[in-house]
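See structure below.
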Amino acid sequence: MNKIAIIIALALYGGINYWLFRRAWQALPSNPLLHTVFIILFIIFSLSFFFAMALGNKMPFAVTAVLENIGAFWVIALLYFIMAALFVDILRFSNHFLKFFPDWVYANYQQVKLIALVSVLGLFVVFSLIGNYRFRNPDVHELNMEIPKGDGPAGTLTMVMASDVHLGNIIRKGRLKKYVELLNRQNADVILFAGDLIDHSMRPVEHQKMDEDLRKLKSTYGTFAIFGNHEFYGDVAKATAFYANSGIKLLRDSSVTVANRFVLIGRDDISQHRRQPLDSIVAGIRENLPKILLEHNPVKIGDAIKNNIDLQLSGHTHNGQIFPLNYIVGSMYPLPYGYLKSGKTNFYVSSGLGLWAAPVRIGTNSEIVRITISLI
C-alpha cells in the first residue's frame, strides 16, 4: 500500500470515528465525569489496534495481546455502530420533512437519544455473545465425492481441511489445543491447512510455543500446508521454520506424491507476484493419479479447471465472517463459500476455523471440512 493510500485510509478511519464520537457525545447526559470517561475509552478503543500493530514487538507480550483484542473488537463494533448511526441519521433526516416522530419524542428528545445509544450498545453485546458462541463451536462439514483412482489403489481417502486459523494474540494456545483435539477426532488419512495458519506476527506464536501443540496432530500420511496472505505480513523465514518445527510439510509452488495414492499441490498466495503458474507446477507430476490442490485465495478457479485438478481446497474469504459482509464477499468471488463442481474439478471454499479481528461470527460459522473421497 503506497503512502497516499495509507493517508486516505487513515483520514477515512479518523473521520468515521469522529462522526461516531459526535453522535455518541450528543446522546450522553451532561455529566463531566461521564464525558471524561467516555473520551478516554473512545481513544483507547479507536487507537489500540494501531498501537498493537505498530509497537507490538516493542511492548510486553501481555500488553500487546490486550491492545490487539480491544482493537479487534472495535473493528467489528465499528461496522455495526456505523450502520446504527446511519439508520438514526436517515430517520432524523426523513422526519425533518415528513414529521412522523410522535410528540413524546420531541418532549423527551435527550432521553430518547440516550435510550437509542444504550440500545445499540446492548444489541452489540448480545450479537457479540452469540457470535462468540458460533466461533467457539465450529462445525464439522462433511463432504463426499468420487474421484478416478488412476494408477493408484482404489478405496476410501479421508482428508480433513482447516483454513484461516490465524494463530496469534486472538487465537491463542488454549484455543489451538481444542482445534488439535477436534482435528484428531476425525481419524484422517491426511490433515491439510489451506493458508493463514498464522495471523500476522510470529512473536505470539513463538511466545506461546504453539508448535508443541501442532506436533500432536495425528493422521496416516501427515499434515501438509500452504502459506496464505497473512504469513507474508510477518517474518517468512521464521514462519517456514515454525511449520517445520510443528511437523507440518509446507508446499510452496510445489507438489508431493502421497503414499502412491494422490498428488498434493500447494501454491503460494496470489498476493505473491513471483509465484509460479499452476501449469508450471504440475508439469512433470504423475498425471494418472488424483490431483488435490491447496490454493488459499479462490479468486481464479479457472486455473484448476484448465490443469485438470480433481479437487481444489481454499479459504481466505471467511464467508464474510459477519453480516452483512458475507453478502459483499459473495459478490467478489466466483465461489465465496461452499462446494462447486465444474467439469471434472471439485471445489470447496471453507469459511475458516479461526478468524480475523474479534472472535465473533455473525451470520456465518467456523468450520473444519471432513472430505471422504471414494477412489474408483
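Mind checking whether some residue in region 345-354 is in a loop (DSSP other than H, G, I, E, B), on the phi < 0 side of the Ramachandran plot and surrounded by fewer than 19 Cβ atoms within 10 Å (Cβ to Cβ)? Scanning region 345-354, I find no residue that is in a loop (DSSP other than H, G, I, E, B), on the phi < 0 side of the Ramachandran plot and surrounded by fewer than 19 Cβ atoms within 10 Å (Cβ to Cβ), so the answer is no. Of the residues 24, 11, 54, the single one that is under 19 Å from residue 233 (Cα atoms) and assigned by TED's automatic domain parsing to the domain that holds residue 85 is 54. Among the residues of region 147-157, is any within 17 Å of the chain's Cα centre (by Cα) and surrounded by 18 or more Cβ atoms within 10 Å (Cβ to Cβ)? Taking every residue of region 147-157 in turn, none turns out to be within 17 Å of the chain's Cα centre (by Cα) and surrounded by 18 or more Cβ atoms within 10 Å (Cβ to Cβ).
The rows are residues; the columns are (1) modelled with pLDDT of 95 or more; (2) not in a loop (DSSP other than H, G, I, E, B).
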site: 274; (1), (2): no, no
site: 287; (1), (2): no, no
site: 298; (1), (2): yes, no
site: 312; (1), (2): yes, yes
site: 316; (1), (2): yes, no
site: 319; (1), (2): yes, yes
site: 328; (1), (2): no, yes
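For region 293-319, a residue qualifies if it is surrounded by 14 or more Cβ atoms within 10 Å (Cβ to Cβ) and either farther than 21 Å from residue 232 by Cα or assigned by TED's automatic domain parsing to the domain that holds residue 128 (or both), and the qualifying residues are 301, 303, 304, 305, 307, 309, 310, 311, 312, 319. Counting only strands (runs of 3 or more DSSP E) that fall entirely inside region 202-263 and contain at least 3 residues that are touching a strand residue (DSSP E or B) at 6+ places or on another chain (Cβ under 7 Å) and within 23 Å of residue 279 (Cβ to Cβ), the qualifying elements are 223-226, 254-258. Filtered by the rule that a residue be over 22 Å from residue 200 (Cα atoms) and of a type in the set (S, T, N, Q), region 52-97 gives 94, 95. A single entry from 4, 43, 90, 39 fulfils the requirement of being at pLDDT 90 or above, in a helix (DSSP H, G or I) and farther than 21 Å from residue 114 by Cβ: 43.
The values are calculated or read from the model by the stated rules, or taken from the named source; none is laboratory data. Predicted, not measured: the structure shown is a model, and the values here were computed from it. All Cβ positions, glycine included, derive from the backbone under ideal geometry; neighbour counts span all protein chains shown.
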